[in-house]
Each structure stands twice: as structure tokens, then as C-alpha cells.
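Only the coordinates and a few stated rules stand behind these numbers; no lab work does. Bear in mind that the values here come from a model prediction, so they are computed numbers and not experimental data. Please note: Cβ atoms are built from the backbone with ideal geometry, for glycine as well, and neighbour counts cover all protein chains shown.
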Amino acid sequence: MKRHIFFGSVVATIILLWGASWYLIPKLYNAQSLEAGTFGDMFGAVNSLFSGLAFAGLIYTITVQRQELALQREAITMQTEELRMQREETARSADQLEGQKNLLDLQMAMGIVNDLIQTKNRRAEEMQYYLNGECLTGYHGISIMVSYNQYVGAKKPTEDSGFLQSYLNTFFFILSFIAGYKLQNEQKDLLDDLVNMNTTDDEVRLIYMAAEQNQHRLMMLKIHGFYPRHQKLIDIITKPS
């Protein structure tokens, strides 16, 4: 606003000086006593004045433009900084959303695995094993089964044993589900630990006993962390008294 006032004042002053020159020059000099050429040359001073004013106006314009460019650079800098902050905020929001998604995926997978574990446990409770004409059921039957086959050397149960198939299929389905679900590795490790905690030592011995000829299932057990536990159980059993 101040620049506009200043510029208007300059223009008004130039117009006033220009108008005043037509009045003052004839008053200061006797125009009739001067030759026409000499009289015309007197206006060269006025031309010089206006040229100087024009040059001053040019300088003023350049100064104003420099100020405007400086303001534009400052505005661009501020916009660039604002965009950078927006990108960082967007990245943080994306990370938060990704974290929330991963957490939701884990919670959903954990709910499904818990349900499958309950199904596995029911299969174990429903399991019936006949030994010397006696029907053994549930976890008590599993304990007697693995102990009998370990120490006496009787025919071991296999994957084809009818009373084991439903239980084994459920157990390995849980491991396949964990392996195939889209989770981070550490989240899958948590689910593996959950299954491990809900599987008794006798179950681990029975599973290894039944799957000892199935290399694929043995590898699944190793990948999901059951191998070290089984080795410890074997070491305990085979360790001399």
C-alpha cells in the first residue's frame, strides 16, 4: 500500500512539474526575444529532468521486484518446509496404519488359532486307544500310550491309525494355517509359542511317534519350534538313571 502511495506521488509530481514548465519558462525568459531554436533548446533541461525521473522510476521498479522476488522465495521456502512436514506426517500415519493393520491381523489369526487349539484338544479328549482289551481315552490314554510304546517296544501308532487321524490332521492344519497366514515372522513365532504351550509333552511324543516316517510333517514340526522340545523329552527318557 505504501509503495502505491509513493508511486502515485511521484507521478503527480512529474505531471505538476511538466505543467509548471510551460508556465515558468516563458516567464523567466522573454520568449519573443529568443530565437526559435534557442527557445526550443530550453526544454532540453526539462527532458533531462524527466529522463532522470524515468531512471529513478526504473530503479524503484527494480527494487520493488527484488523485494517481491525475496518474498516469493520466502513463500516457496515455507511451502517446501510445509510439504516436507506433510510428507513426514503422511509417512508416520502410514506407519501407524500399517502397525494397526498388523495388530488386527495378529488378533484375528490368534482368535482362529485359539479356536483350532480348542478343536485339537477336543480331538485329544475324544481319542480312544485300546491296550490289552482296555479302552483308554483322553490325555490319560495318550500318556499311557506313549509310555507303553516307549518302554515295552510294542507296535507304535502311525498316521494311518484310525483313532489318530482326526487329531493329527487338526494339529498339522494349525501349523499350516500359521505358515500360510500373512503375518510378520515374529508374529508367527508368537502363534507357534501359543500352540506349543497348549500341547502337552505326551502329545509331542505321540505326534513325533506317529509322524516319524513323514518327512514333510517332521520338517513342519521343526520349523514351528517343536524339535528342540522333543529332543529334550527324548534325552530325559534315555538318560541313565
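For the range 113-152, go through all pairs of different Cα atoms, get the mean of 1/r, take its inverse, and jot down that Kirkwood value in Å. The answer is 10.8 Å. Among the GluC sites (Glu not before Pro) found in the range 173-241, those both in a DSSP coil and sparsely packed, with 13 or fewer other Cβ atoms within 10 Å of their Cβ, are E212.
All other residues whose Cβ lies under 15 angstrom from that of D160 are scored, Lys and Arg at +1 and Asp and Glu at -1, for a net of +1.
Full extension of the segment from L190 to T13, taken as 0.36 nm per residue of separation minus the current Cα-Cα distance, would add 55.1 nm. Packing here is the average count of other Cβ atoms within 10 Å per residue, and on that basis the peptides 224-231, 138-145, 81-88, highest first, run 138-145, 224-231, 81-88. A straight chain from Q215 to Y181 at 0.36 nm per residue would run longer than the Cα-Cα distance by 10.0 nm. Both numbers refer to the Cα atoms of the range 64-110; Rg and Dmax are 20.1, 68 Å.
Note on the range 115-241: percent of Cα-Cα distances in each 10 Å bin, starting at 0 and stopping at the bin with the largest distance, equals 12, 45, 33, 9, 1. Taking 29 Å as the limit for the C-alpha separation, the pairs K120/K188; K101/K232; K155/K222; K182/K232 exceed it in the case of K101/K232; K182/K232.
In this Cβ point-charge picture (+1 for Lys and Arg, -1 for Asp and Glu), the range 109-241 has a dipole of about 220 debye about its Cα centre.
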